[in-house]
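Colleague: The structure follows.
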Amino acid sequence: MDSEVSLLLQCPPGGLPQEQVGVELSPAYDRRPLPGGDKTITAIWESRLQTQPWLFNAPKFRLHSATLAPAESPGPQLLLRLGLTSYRDFLGTNWASSASWLQQQGTTDWNDKQAYLADPLGVGAILVTADNFLVFLRRSWQVAEAPGLVDVPGGHPEPQALCPGDSPQHKDLPGELVVRELFSSVLQEICDEVNLPLLTLSPPLLLGIACNETSAGRASAEFYIQCNLTSEEVRNYYLGGGPEAHESTGIIFVEAQSSLGRNSGQAPSADPDRERSKSGGIRSQCIPILVASLPLFPSCLSTAMPTLLALLPLRLCRLWPYNPPARFLSAAAGQRSGPSNYYELLGVHPNASAEEVKRAFFIKCKELHPDRDPGNPALHSRFVELNEAYHVLSREQSRRSYDNQLCSASPPKSPGTTAYPKSARQTHSSSWAPPNEQYWAQFHGVRPQGPESRQRQQKHNQQVLGYCLLLMLAGMGLHYIAFRKLEQMHRSFMDEKDRIITAIYNDTRARARANRAMLQQERHRRLQPPAPRASSGSGLMPPGTGP
């Protein structure tokens, strides 16, 4: 076992499938706050962003502990106790210069040297090809952890894959889904970094958990995965470029020799030609990787696991390139003179298809990547120009505009230059006069030339026109029916409303008439004078009466 790697846990012989692993997620398993606060973490993160602005923070799972259950016990054989942390905390604790002091302080305060450390749980894959080669990647110089070193494909399980958001909560992450993310993330990392199809990979088997002592004991779950592709097929897929192709600059195939022992002191037979085709040559004697004497087949996986885990330190070796070969020197000479346009920079014909442009871009990325020679600042500017060229030529609209500008009297600014001489513009314009029919044909169909083709095209156009007319007539019919139905509904509604209003009006009118008659009678009674009454003391007598 490498001195920079310690074995935290070794799974039973044969490895553990997903069904035999359980997870317990709790805030009690999170990192303890640093003594005096986490201001140092913030300062380290801001300093990192100034030198590496492409870094971004994301939540991660934190491994607190792992326990193996007895083989005869029911349920999962392995229980992982996980908390939550972040990549920012990892750079501010495990990867900080004060990591050793934090471990000592954790032992003093909590009797746990990892108490103050982020310890994000990583995943790594022992990827074995169909022709019995182990797959390794040379890490880019732009990554934060172990730049320029050799590593197996891997990464981190992502809590955000289960609970979108910047701050997922423990209660939102069920243990079953966390286990699924743990096993699926290692497959996804292989697909993203090596660009392999998912269907070519076998289900992962968990071999154990290794701790990287160069990052203060950060744990990584290591898996065994077989690929049904040969090493040459894997190399071709890698050259195609995956979503995370920027994280590595080369692929290495190490043959697992069954006759080689761990302690023999003999280096494995890495394939220099394979690596030279990717990165310009390596010193094979500088790869201190000891491969065990075992054929890597499932039948002997139980005996292979301790040795396979020994292959997984993050800092396996540093690859120092030879002096650039002749073809690289010629390419550098071409760079000094400077290409006249984006097509020459990518090394493709002006009529190249989008797929050819993409393939050329990935090949050029490997040749012009700044990690090939960190001391050469010209590679960085060339790499920026290469990205700009691909950004323009990979999109239909921008490429069409660029082609038109090249054909015009004042061509656009070329990579690494400010202007073209007049003679160069004339020569370039004459060579670019024919339209890029082959390129634009993949986006727009080529017009038929023969009479039969034209008749078929005309018939097809007539069918399309007929379908459009039918669709238009059907839409008009539906619109008319809907309008008539709406009109009937509106008319019925208005008739009902009119009937109700008329009934109310008639009732009110009848009551008003009755009230008016009563008022008239009352008024008549009030206006009628009262009947006269006879007075006893007046002395008057009615006519015809005498004393």
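Colleague: Give the residues of region 107-151 that are among the polar types (S, T, N, Q) and either within 30 Å of SER231 (Cα to Cα) or without any contact (Cβ under 8 Å) to a residue 12 or more places away in the chain (or both), sorted by residue number. Break it down into steps so the answer makes sense when it comes.
Modeller: The initial filter retains those residues of region 107-151 that are among the polar types (S, T, N, Q), namely 107-108, 111, 114, 129, 132, 140, 142.
Result: THR107, THR108, ASN111, THR129, ASN132, SER140, GLN142.
Colleague: Among the residues of region 189-200, which ones are without any contact (Cβ under 8 Å) to a residue 60 or more places away in the chain and under 11 Å from GLY242 (Cα atoms)?
Modeller: Correct list: CYS191, ASP192, GLU193, ASN195, LEU196, PRO197.
Colleague: Within region 24-38, is there a residue that is more than 29 Å from the chain's Cα centre (by Cα), small (Gly, Ala, Ser), surrounded by 13 or more Cβ atoms within 10 Å (Cβ to Cβ) and over 25 Å from ILE225 (Cα atoms)?
Modeller: Among the residues of region 24-38, not one is more than 29 Å from the chain's Cα centre (by Cα), small (Gly, Ala, Ser), surrounded by 13 or more Cβ atoms within 10 Å (Cβ to Cβ) and over 25 Å from ILE225 (Cα atoms), which makes the answer no.
Colleague: Is there a residue in region 75-86 that is under 24 Å from the mean Cα position of the chain (by Cα), surrounded by 15 or more Cβ atoms within 10 Å (Cβ to Cβ) and small (Gly, Ala, Ser)?
Modeller: Checking region 75-86: at least one residue is under 24 Å from the mean Cα position of the chain (by Cα), surrounded by 15 or more Cβ atoms within 10 Å (Cβ to Cβ) and small (Gly, Ala, Ser).
Colleague: Exactly one condition in (1) without any contact (Cβ under 8 Å) to a residue 40 or more places away in the chain; (2) in contact with a strand residue (DSSP E or B) (Cβ under 7 Å, 6 or more places away or on another chain) is false for HIS170; which is it?
Modeller: (1)
Colleague: Of everything in region 344-386 that's polar (S, T, N, Q) and modelled with pLDDT of 80 or more, which residue is farthest from PRO243 (Cα to Cα)?
Modeller: By that ranking, first place goes to ASN351.
Colleague: Between GLU213, GLU232, which is charged (D, E, K, R), in contact with a Ser or Thr (Cβ under 8 Å, 6 or more places away or on another chain) and surrounded by fewer than 23 Cβ atoms within 10 Å (Cβ to Cβ)?
Modeller: GLU213 is the lone residue from the list that is charged (D, E, K, R), in contact with a Ser or Thr (Cβ under 8 Å, 6 or more places away or on another chain) and surrounded by fewer than 23 Cβ atoms within 10 Å (Cβ to Cβ).
Colleague: Return the only residue of ALA146, ALA161 being among the aliphatic types (A, V, I, L, M), in contact with an Asp or Glu (Cβ under 7 Å, 6 or more places away or on another chain) and under 30 Å from THR51 (Cβ atoms).
Modeller: ALA161
Colleague: Picking from VAL143, VAL123, VAL135, which residue would you name as being among the β-branched types (Val, Ile, Thr), at pLDDT 90 or above, within 22 Å of the chain's Cα centre (by Cα) and assigned by TED's automatic domain parsing to the domain that holds ILE225?
Modeller: Just one listed residue meets the conditions, VAL123.
Colleague: Can you find a residue in region 90-106 that is surrounded by 12 or more Cβ atoms within 10 Å (Cβ to Cβ), more than 21 Å from THR214 (Cβ to Cβ) and in contact (Cβ under 8 Å) with a residue 12 or more places away in the chain?
Modeller: No - not one qualifying residue is present in region 90-106.
Colleague: Within region 167-283, which strands (runs of 3 or more DSSP E) (wholly inside it) include 3 or more residues that are more than 21 Å from VAL21 (Cβ to Cβ) and modelled with pLDDT under 95?
Modeller: Those strands (runs of 3 or more DSSP E) span 248-255.
Colleague: Go through the residues of region 160-172 one by one and say whether even a single one is out of contact with any His (no Cβ under 9 Å at 6 or more places or on another chain) and buried (at least 20 other Cβ atoms within 10 Å of the Cβ).
Modeller: no
Colleague: Write out, first by first residue and then by second, each pair whose Cβ atoms fall under 6 Å of each other, whose residues are 6+ apart or on separate chains, and whose first residue, in region 374-387, is under 20 Å from LEU346 (Cβ atoms) while the second is modelled with pLDDT of 65 or more and not in a loop (DSSP other than H, G, I, E, B).
Modeller: Going by the 6 Å Cβ cut-off, the qualifying pairs are LEU379/LEU368; LEU379/PRO370; HIS380/PRO370; ARG382/LEU368; PHE383/LEU368; PHE383/PRO370; LEU386/LYS364; LEU386/LEU368.
The values are calculated or read from the model by the stated rules, or taken from the named source; none is laboratory data. Bear in mind the structure is a predicted one, so any value in this text is a computation, not a measurement. Note that we place each Cβ from the backbone using ideal geometry, even for glycine, and neighbour counts take in every protein chain shown.
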